[in-house]
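Participant: Structure in structure tokens, see below.
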Amino acid sequence: MKILKVLLCCATVAALPAHAQKACSKADAAAAEKAIERVVSWQSLNKAYNDYRHCDSGPVEESFTDAILRLMVEWKNVDALAASTTKDGDYKEWLHKHLLSPAAKDDRDSVYSRAKKDCPAKQDAFCAELADVVKKTGGGAGKAKAADPANAPIDFAPMTPLTPSTK
């Protein structure tokens, strides 16, 4: 009988994450968009994340990314961001996901620069991790421009001169 209780308990715990992820209704998505528009601090971003992370796709995902980048570029109260990511690993992963998204590519250099040059006292580990995240995606000083075909040098060696045709 004890084994049955343990198995039932394990099955219930295993099902909790699937149950906790609720669907995003149209009303939720609209409310999420409005809440994200009002994000002006890490605390308000964390609240929007907690209230509407179940809507993090499509236009809401883009709005979350914009809000994150707006705050990252401002680089104010970074201690609060570091504290909240230390407390909540899912929140940290979520932030990193948004920093890695294609919509964040234009601001990654700025985030990298802030993390490297303007890191608050006692937040070296947080800033180093943040810099590593954006550096992986091609942001920061470590990016290789030549990897982009548009920026690659042209190799003229295989070309042969054209000879005039005779008729």
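Participant: Quick check on my filter: what residues within the range 28-75 are outside any helix (DSSP H, G or I), of a type in the set (S, T, N, Q) and either modelled with pLDDT of 95 or more or surrounded by 20 or more Cβ atoms within 10 Å (Cβ to Cβ) (or both)?
Facilitator: SER41
Participant: When only residues in the range 80-89 that are surrounded by fewer than 17 Cβ atoms within 10 Å (Cβ to Cβ) and not small (Gly, Ala, Ser) count, which is farthest from LYS136 (Cα to Cα)?
Facilitator: The extreme case among them is LYS87.
Participant: Considering only residues that are in a helix (DSSP H, G or I), among the hydroxyl-bearing types (Ser, Thr, Tyr) and either more than 11 Å from the chain's Cα centre (by Cα) or surrounded by fewer than 18 Cβ atoms within 10 Å (Cβ to Cβ) (or both), which ones fall in the range 90-129?
Facilitator: Answer for the range 90-129, where residues must be in a helix (DSSP H, G or I), among the hydroxyl-bearing types (Ser, Thr, Tyr) and either more than 11 Å from the chain's Cα centre (by Cα) or surrounded by fewer than 18 Cβ atoms within 10 Å (Cβ to Cβ) (or both): SER110, TYR112, SER113.
The values are calculated or read from the model by the stated rules, or taken from the named source; none is laboratory data. Because the structure is a prediction, the values reported are computed rather than measured. With ideal geometry, Cβ positions are generated from the backbone for all residues, glycine too; neighbour counts draw on all protein chains shown.
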